[in-house]
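Chemist: I have a structure here, written as C-alpha cells, and I will follow up with some questions on it.
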Amino acid sequence: MGPARKVQVFSALFVVLTGLAVYWALSRAGLDAASLRQVLDLGFVDILVLIALAMMLYAADLLRYRAIGRSLEVSIGYRAALEASIANFFFSWLTPGSTFGAPATIFMLHRHNVPWGAAGVIAFAKSLTGVAFFVGAAAIIFLVGWGPELDERVTAVVIPGLVLLSLALGILLLSALFAEGVRRSLA
C-alpha cells in the first residue's frame, strides 16, 4: 500500500472511529436530538467560531509537544505532534478517567523515533502543563472574585489549596524549563 493510500485509509478510519466514539459518548451522556438541534441552531458564525477554537486547541497542543520535546533536546515534527495530540485527545475522551491518553501519546511519539523515556516524560509534562494552566486560572478566578459564590468555609480551603497547588506545579515547570541550572544547583 502506497503512502497516499495509507493516508486515505487512516483518514477514513479516523472519521469512522471518531463518529462511533462521538455517538457512544453522546448516548451515554443522555444527549438527544433536541440537544443536537440546539447546537445546530447556534448559527453559522457561532459554529465556525467553535470549529476555530477546536483548531486552536490542537495548534496549542501541537506547540506544547514540540516545546517540551525541544527542552529535552528531542526533535518532534509537526506531523508527529499532531498524531500524538489526536491520539491523546481520542483515547483520553474514549477511556474512563483518560486512562489511555498518555500511553497513546507515548506510542505515537515513539512511532516517530522519539525514545521511550523521552516520550514518557513528554506525555507527563504535557499533562502537567495543562493541569498547571487550569489550576492557576482557577486560583486567579477565585482570588479576583469572579468565581461562584461559595460558603466562606469552602473558600477558606479552596483558595489556599489552589494557590499551593499552583505554586507546586509552577516550581515543577520552572525546574523543567531551567533543568540545567537546577541540576547544577542540586549537585
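Chemist: Among the residues of the range 143-160 satisfying the criterion of being assigned to a helix (DSSP H, G or I) and at pLDDT 85 or above, which is least open to solvent (accessible area, probe 1.4 Å)?
Modeler: As a first pass, look at the range 143-160 and keep what is assigned to a helix (DSSP H, G or I): 143, 152-160.
Then drop every residue that is not at pLDDT 85 or above, which leaves 153, 157, 160.
Details: ARG153: 176, VAL157: 105, PRO160: 62 Å².
Looking at residues that are assigned to a helix (DSSP H, G or I) and at pLDDT 85 or above, I get PRO160.
Chemist: Test ALA60 against the criterion of being in contact (Cβ under 8 Å) with a residue 24 or more places away in the chain, over 18 Å from GLY120 (Cα atoms), surrounded by 11 or more Cβ atoms within 10 Å (Cβ to Cβ) and not hydroxyl-bearing (Ser, Thr, Tyr), and give yes or no. Explain how you work it out, then say what you get.
Modeler: Numbers: in contact (Cβ under 8 Å) with a residue 24 or more places away in the chain: no; over 18 Å from GLY120 (Cα atoms): yes; surrounded by 11 or more Cβ atoms within 10 Å (Cβ to Cβ): yes; not hydroxyl-bearing (Ser, Thr, Tyr): yes.
Against the criterion (in contact (Cβ under 8 Å) with a residue 24 or more places away in the chain, over 18 Å from GLY120 (Cα atoms), surrounded by 11 or more Cβ atoms within 10 Å (Cβ to Cβ) and not hydroxyl-bearing (Ser, Thr, Tyr)), ALA60 does not qualify.
Chemist: Identify the single condition in (1) buried (at least 17 other Cβ atoms within 10 Å of the Cβ); (2) closer than 20 Å to LEU173 by Cα; (3) out of contact with any Gly (no Cβ under 8 Å at 6 or more places or on another chain) that LEU128 does not satisfy, given that it satisfies every other one.
Modeler: Failing condition for LEU128: (1).
Chemist: Shifting gears a bit: Only one of SER75, SER85 is modelled with pLDDT of 90 or more, open to solvent by 70 Å² or more (accessible area, probe 1.4 Å) and small (Gly, Ala, Ser). Can you tell me which?
Modeler: Just one listed residue meets the conditions, SER75.
Chemist: Please identify the pairs in which a residue from the range 78-93 that is within 8 Å of ASP61 (Cβ to Cβ) has its Cβ atom under 7 Å from the Cβ atom of a residue that is assigned to a helix (DSSP H, G or I) and open to solvent by less than 10 Å² (accessible area, probe 1.4 Å), counting only partners at least 6 apart or on another chain.
Modeler: Listed pairs, sorted by first residue: ALA81/TYR65; SER85/ASP61; SER85/TYR65; ASN88/GLY101; ASN88/THR105.
Chemist: Could you figure out which of (1) exposed (fewer than 14 other Cβ atoms within 10 Å of the Cβ); (2) free of Cβ contacts under 8 Å to residues at least 60 places away in the same chain isn't true of LEU177?
Modeler: Result: LEU177 fails condition (2) only.
Chemist: Please determine, by comparing only the residues of the range 103-116 that are of a type in the set (A, V, I, L, M, F, W, C) and over 18 Å from ALA60 (Cβ atoms), which one is most open to solvent (accessible area, probe 1.4 Å).
Modeler: Looking at the filtered set, the residue picked out is TRP116.
Chemist: When you look at LEU128, is it assigned to a helix (DSSP H, G or I), of a type outside the set (Ser, Thr, Tyr) and at pLDDT 85 or above, yes or no?
Modeler: No: the conditions fail for LEU128.
The values are calculated or read from the model by the stated rules, or taken from the named source; none is laboratory data. Because the structure is predicted, anything quoted here is derived from the model rather than measured. Counting neighbours? That spans all protein chains shown, and the Cβs are built from the backbone with ideal geometry, glycine included. Calculation scope for accessible area: heavy atoms of the full protein, side chains included, ligands and nucleic acids excluded. Shrake-Rupley method; radii C 1.70, N 1.55, O 1.52, S 1.80 Å.
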